[in-house]
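No value in this document is a laboratory result; all are computed from the given coordinates. Quick caveat, the model's predicted, so the values are computed rather than measured. Methodologically, a virtual Cβ is constructed for each residue, glycine included, from the backbone with ideal geometry; neighbour enumeration extends over all protein chains shown.
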Amino acid sequence: MKRVYLTRPLPNAVVEKAREYFEVEIRTETVPLKIGQMRAALALYDGVLPTLGDTFSAEVFRDADQPRCKVLANFGVGYNHIDVQAAQNAGVMVTNTPGAVTDATADLALTLMLMCARRAGEGDRLVRSGQWEGWNPTQMLGQHVSGSTVGIVGMGRIGQAVARRCHFGFGMQVKYFTRSAKEMDFPATRVDELTELAEQVDFLVVTVPAEKETRHLIGAEVFQAMKPQAYLINVARGDIVQEKALISALEKGRIAGAGLDVYEREPIVPDALKAMENVTLLPHLGTAALDVREEMGLMALENLRAALSGDVPPNLIA
Ligand code: 8YV
């Protein structure tokens, strides 16, 4: 039996399935692996199931020529924590879990949009504080989401799922900025420039993958272009948004608010953001639902299984 290492505790259904296929070792800690642990994992196991925060950088693979480990089956769609080129050079395949995360992440984008525009976090805090004086017609007025305009940055699987929800669920106009043209079965307008998109929308929703090219894609220029009543929503990766520029835009009232599920240096969230009532902050909840995490885990196991039996894994990152 092949030996595999799960770098975090996973849902029972995933662990049970893993035990049917492999000799399994499960790490009990919930924090990212340290460099020595990653090197040891490459040497000791045939396959590893890593996740967000396990930074398999070129440094980790440096002296690992043809290690025992043949596959890193990432739990999650985003794999910016893994240097895929360095892994491949060392003879290690990398896979991810696209599809399994799409709807849950899109649902969370809508959660953030609604929470921001309808001031749900602030309202919840008001009720809990005991300071709520009762309803009145001008209390806590927010912005109407239905019929407004959304701008999607990156129209991949998650971007399209957000767009569908906005169009079919909320009668919103959909605009988007993306590298390659997309065919959609509902009205959506592609805009050529990111700043042009930023100028035209009430919600700018970030769904692009984290890559060198998308680092700090959303910075001062974009905030400058946005309408003062618009919100920035990020469900992708923290470093796509330049947090400093975001804080400055919020402090100056350049934009109405922000809804964030991801941060530049998770789990560190700048105090400036925590102090703002018009910012909704969630702890990377994108896919945090049991059945979604089960599906992600089972998908990662199928990738491990294929790779370790000599087949091409279904979600191989080429
Ligand atoms: C995951 C995510 O839950 O799939 C992703 O890339 O961002 C999340 O929804 C988490 O990051 C594990 O990878």
Open item on the list: Taking R0 as 45 Å, what FRET efficiency do you get between Ser309 and Asp185 from their Cβ-Cβ distance, rounded to the nearest 0.05?
Closed with: 0.75
Task: Farthest toward positive dipole pole in the chain [+1 Lys/Arg, -1 Asp/Glu at C-beta], among Phe56, Gly91, Met296 - done: Phe56
Task: Nearest-0.05 FRET efficiency for Val15 and Gln37, computed from C-beta distance (R0 25 Å) - done: 0.80
Task: Interatomic Cα distance distribution for the chain, bins of 10 angstrom, percent - done: 6, 25, 30, 22, 13, 3, 0
Task: Per-residue Cβ neighbour rank within 10 angstrom, fewest leading, Leu308, Leu204 - done: Leu308, Leu204
Task: In order through segment 94-111: 3J(HN,Hα) via Karplus (6.51 cos²θ - 1.76 cosθ + 1.60), integer Hz, x for Gly, Pro - done: 10, 10, 9, 10, x, x, 4, 9, 4, 5, 5, 5, 5, 4, 5, 4, 5, 4
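Fewest first, what order do Asp311, Asp239 take by the number of other Cβ atoms within 10 Å?
In increasing order of surrounding Cβ atoms, one gets Asp311, Asp239.
For segment 265-295, which GluC sites (Glu not before Pro) are in a loop by DSSP, counting at most 15 other Cβ atoms within 10 Å?
Qualifying residues, ordered by number: Glu277.
Taking the Cα centre of segment 176-310 as origin, work out the dipole magnitude from +1 charges on Lys and Arg Cβ and -1 charges on Asp and Glu Cβ, in debye rounded to 20.
On the way: 14 positive and 22 negative charges, 52 e Å.
For segment 176-310, the charge dipole is close to 260 debye.
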TODO: Give me the percent of Cα-Cα pairs in segment 102-281 that sit more than 23 Å apart, rounded to a whole number.
DONE: 37
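Taking the Cβ of each residue in Arg125, Arg254 as the centre, tally the other Cβ atoms inside 10 Å and list the residues starting with the fewest.
Numbers: Arg125 13, Arg254 18.
Ranking Arg125, Arg254 by Cβ neighbours within 10 Å, fewest first, gives Arg125, Arg254.
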Task: Whole-Å distance, taken between Cα centres, linking segment 209-234 and segment 105-130 - done: 21
Task: GluC sites (Glu not before Pro) within segment 1-104, DSSP loop, no more than 13 other Cβ atoms inside 10 Å - done: Glu29
- [ ] Can you tell me how much longer the chain between Ala289 and Glu25 gets when fully stretched, taken as 0.36 nm per residue apart minus their C-alpha distance, in nm with one decimal?
- [x] 92.7 nm
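Please report, in debye to the nearest 20, how large the charge dipole of segment 103-142 is about its Cα centre when each Lys and Arg carries +1 at its beta carbon and each Asp and Glu carries -1 there.
Values: 4 positive and 5 negative charges, 30 e Å.
Using only the charged Cβ atoms, the result is roughly 140 debye.
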Task: About the Cα centre, charge dipole magnitude for segment 102-281 (Lys/Arg +1, Asp/Glu -1 at Cβ), debye - done: 100
Open item on the list: Run lengths n ≥ 4 of DSSP H only: what is the helix-derived mean residue ellipticity at 222 nm for the chain, with -39500 (n - 2.57) per run over all residues, to the nearest 500?
Closed with: -9500 deg cm²/dmol
- [ ] Would you please give the residues with an amide H less than 5 Å from that of Val94, counting only those at least 5 places away or on a separate chain, with H modeled from the backbone geometry?
- [x] Leu72, Ile317
- [ ] Tell me which residues come under 5 Å, amide H to amide H, from Thr51 once H is placed; ignore anything under 5 positions away on its chain.
- [x] Phe75
Task: Positive-end extreme of charge dipole, the chain - chosen from Tyr79, Val206, Ala230 (charges on Cβ) - done: Tyr79
TODO: Rank Val312, Pro137, Leu33 by how far each Cα sits towards the positive end of the charge dipole of the chain (+1 on Lys, Arg Cβ; -1 on Asp, Glu Cβ) and give me just the farthest.
DONE: Leu33
- [ ] Could you list which residues have their amide H under 5 Å from that of Gly259, counting only those 5 or more apart in sequence or on another chain, with H placed in the peptide plane?
- [x] Leu232, Ile233, Asn234, Thr280
